[in-house]
There are 2 protein chains.
Amino acid sequence: MMKEVLINFLSQFKELASAQIEELVELMTVKQVPKNTLIVKPGQICNLCYFVLKGCLRQFVSNDGIEKTTAFYVEQEAVNFFTNQPKPATSFLASVEDSVLLIGQPEQDQYFYEKFPELATITRRMIEADLGKTQANLAKFITSSPKERYLNLLEERPDLLQRVPQHMIASYLGMTPESLSRIRRRIVHKKPPK
Amino acid sequence: MMKEVLINFLSQFKELASAQIEELVELMTVKQVPKNTLIVKPGQICNLCYFVLKGCLRQFVSNDGIEKTTAFYVEQEAVNFFTNQPKPATSFLASVEDSVLLIGQPEQDQYFYEKFPELATITRRMIEADLGKTQANLAKFITSSPKERYLNLLEERPDLLQRVPQHMIASYLGMTPESLSRIRRRIVHKKPPK
């Protein structure tokens, strides 16, 4: 099953020949993670990259037992812990759904890029796009009210609202689950018929 | 002067031979931007990457004439507008200081990476580290109060506090310039002697 998910992912890139894909599938590190598994803990030195092939991950901090969600990652999104100087993680990373992850490791990745130069280009483009998106997200977050954040989410990542428990969404938006329910009810009532 | 800044930047990478650096300096697009120059406006379709060789850039939005700063970028930091589908910019980008920028353009970059494979590796590593940093920043921002944001800034980017006008810092932290002055005064008084 894991192999199939990886083959499907790699097959979208026309630059990779099928022989290369077969070879990569044998070499790459893929990990199956059941729902609600803790992957990284604060304080842990982690120099990996977790790329979601299937499923959903959540990043959060916990202050006095109160969890605050800081990010969700779904298919084809990556949580990147690569830095020049590895530092202890400052938040938790856990699965929200049964997930399949492609694990990036600096030395192994470097070997892949030398052996498969096409993969280096593909990865660079994905990371560039990801950086642009993350920078834009940060800007949008800083300038939005909790309600505006909900409307953004509804427009840009409607799938998340279906997949993730409501209390996690509320904590990500910076509101109580009750406020989120209230806003959702109001929006459903206002929606013009299509 | 611009050439010198670029040579200095490229020379830090031992993987690049001096002949390669000379060639790159002739080919790369570098732009000198005086202080307080508007570089990108909301609505503009921009598919470039602005890498700061020297100086400081600021990203902000303006609602009814009130500016809200969303990011600062100094030496060796990049504002990335590369995406799979170019979208209109949602914020302003302007220089805070006289700046020298290295301009990334997808097709030109691709040409460089084919001609100078070492540069592809260098760039990928920088973008990976940048992505990790931006993701961590977003998480930290979401979970911090304005005062905690100031303390983070003081610890992690003390240079910014010296280089950027106070009202811009305050707007970045989500507080009034008066609150920022108050917090700064309190911290100066509390500081234990070293």
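Return a yes/no flag: does region A:162-170 have any residue that is over 19 Å from the mean Cα position of the chain (by Cα) and farther than 22 Å from residue B:172 by Cα. No. Only residues that are in a loop (DSSP other than H, G, I, E, B) and either surrounded by 20 or more Cβ atoms within 10 Å (Cβ to Cβ) or among the hydrophobic types (A, V, I, L, M, F, W, C) (or both) were counted across region A:25-65, and they come to 5.
Quick check, is residue A:103 surrounded by fewer than 20 Cβ atoms within 10 Å (Cβ to Cβ), in a helix (DSSP H, G or I), modelled with pLDDT of 90 or more and not acidic (Asp, Glu)?
No: the conditions fail for residue A:103.
Can you find, within region B:156-192, the residue that is surrounded by the fewest Cβ atoms within 10 Å (Cβ to Cβ) among those that are within 12 Å of chain A (Cβ to nearest Cβ) and either of a type in the set (Ser, Thr, Tyr) or in a helix (DSSP H, G or I) (or both)? Of everything passing the filter in region B:156-192, B:156 is surrounded by the fewest Cβ atoms within 10 Å (Cβ to Cβ). Could you check region B:80-100 and list, in sequence order, the residues that are facing another protein chain (nearest Cβ under 7 Å) and assigned to a strand (DSSP E or B)? Result: B:80, single match.
Yes or no, residue by residue, for (1) modelled with pLDDT of 95 or more; (2) of a type outside the set (A, V, I, L, M):
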{"site": "B:1", "(1), (2)": "no, no"}
{"site": "B:21", "(1), (2)": "yes, no"}
{"site": "B:44", "(1), (2)": "no, yes"}
{"site": "B:47", "(1), (2)": "no, yes"}
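The set of residues from region B:40-68 being of a type in the set (A, V, I, L, M, F, W, C) and within 10 Å of the chain's Cα centre (by Cα) comprises B:51, B:52, B:53, B:56, B:57.
Of note, residue B:70 satisfies the criterion of being among the polar types (S, T, N, Q), in the same structural domain as residue B:125 (by TED's automatic domain parsing) and buried (at least 17 other Cβ atoms within 10 Å of the Cβ).
Applying the selection to region A:114-148, what residues are of a type in the set (Phe, Trp, Tyr) and facing another protein chain (nearest Cβ under 7 Å)? Break it down into steps so the answer makes sense when it comes.
Residues of region A:114-148 that are of a type in the set (Phe, Trp, Tyr), as a first pass: A:116, A:141.
Within region A:114-148, A:141 is the sole residue that qualifies.
Given B:179, B:171, which one is in contact (Cβ under 8 Å) with a residue 12 or more places away in the chain, among the small types (Gly, Ala, Ser) and touching a strand residue (DSSP E or B) at 6+ places or on another chain (Cβ under 7 Å)? Working first, answer last.
Numbers: B:179 fails: touching a strand residue (DSSP E or B) at 6+ places or on another chain (Cβ under 7 Å).
Answer to the check: B:171.
A single entry from A:55, A:65 fulfils the requirement of being more than 12 Å from every other protein chain (Cβ to nearest Cβ), touching a Leu at 6+ places or on another chain (Cβ under 8 Å) and more than 17 Å from residue A:113 (Cα to Cα): A:55. Report whether or not residue A:153 is modelled with pLDDT of 90 or more, out of contact with any Leu (no Cβ under 6 Å at 6 or more places or on another chain), surrounded by 15 or more Cβ atoms within 10 Å (Cβ to Cβ) and assigned to a helix (DSSP H, G or I). Criteria met by residue A:153.
The values are calculated or read from the model by the stated rules, or taken from the named source; none is laboratory data. Keep in mind that this is a model prediction, so the values were computed, not measured. Positions of Cβ are generated from backbone atoms using ideal geometry, with glycine treated the same way; all protein chains shown enter the neighbour counts.
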